[in-house]
1. Might you let me know whether the stretch 180-200 holds any residue that is outside any helix (DSSP H, G or I) and closer than 29 Å to residue 110 by Cβ?
2. If you take just the helices (runs of 4 or more DSSP H) that sit entirely in the stretch 110-179, which of them hold at least 2 residues that are loosely packed, with under 14 Cβ neighbours inside 10 Å and free of Cβ contacts under 8 Å to residues at least 40 places away in the same chain?
3. Read through the list (1) loosely packed, with under 13 Cβ neighbours inside 10 Å; (2) not in a helix (DSSP H, G or I), then give the number of the only condition that residue 209 fails.
4. Restricting to the stretch 79-107, name every residue that is outside any helix (DSSP H, G or I) and surrounded by 15 or more Cβ atoms within 10 Å (Cβ to Cβ).
5. Quickly run through the stretch 28-41 and pick out the residues that are surrounded by 15 or more Cβ atoms within 10 Å (Cβ to Cβ) and either outside any helix (DSSP H, G or I) or touching a residue at least 24 places away in the same chain (Cβ under 8 Å) (or both).
6. Can you tell me which residues in the stretch 42-57 are surrounded by 17 or more Cβ atoms within 10 Å (Cβ to Cβ) and either under 24 Å from residue 16 (Cβ atoms) or within 12 Å of the chain's Cα centre (by Cα) (or both)?
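We did not get these values from a lab; they are worked out from the coordinates using the rules stated. All figures in this text were calculated on a predicted structure; none of them were measured in a lab. Note that we place each Cβ from the backbone using ideal geometry, even for glycine, and neighbour counts take in every protein chain shown.
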């Protein structure tokens, strides 16, 4: 996506656009708050709907910010900090609360709170790393996709101890400096990755709409994208080396 510059005579209009993009990013806080309310009320379908809306905002806001060059329009406003605050709330805190409030079938009862604390602390460490987002547009370490991790644990309905092991495994990989692809900023295979990402997201929406009537094969099919994401991340890392 090409960046857009604004002539000086249109600076007022450019500031309106820039603040609108920041407001769009900040709207993730609203969707996360609504997700929290739904989680407390054990409205799981609604909670995931709000989490997915927050993820949509996160997928789009960076591209909008770069396209309109809002950093140069509002240089004193730290959009990256706003993005990190919203991301931690929507990708970490909300899923952590979901783990705590969830039914015992998701995690062993005595390990729900430790699991929520575990992912919160691991992600707090990652979010504070200066190179968490690398100069070659990658994430270093597992990129705290806890909302999607919780989504799969909920819909796959595996043994609670297996679910705990998966969370522990992912937390471990937060600290392993493997680079993971940033889909909207990839230099290679960007178009097919974005198409697959959007297709995957549509499948997740269908899964959510069908709840509590669930097509288990559809959940398993969606995992092919997860495998693709890991493979393309490792492949592009090898190519860079």
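1. Within the stretch 180-200, not a single residue is outside any helix (DSSP H, G or I) and closer than 29 Å to residue 110 by Cβ.
2. 112-127, 160-174
3. Of the numbered conditions (1) loosely packed, with under 13 Cβ neighbours inside 10 Å; (2) not in a helix (DSSP H, G or I), the odd one out for residue 209 is (2).
4. 102, 106, 107
5. Result: 28, 29, 31, 32, 35, 36, 39.
6. 51, 52, 53, 54, 55, 57
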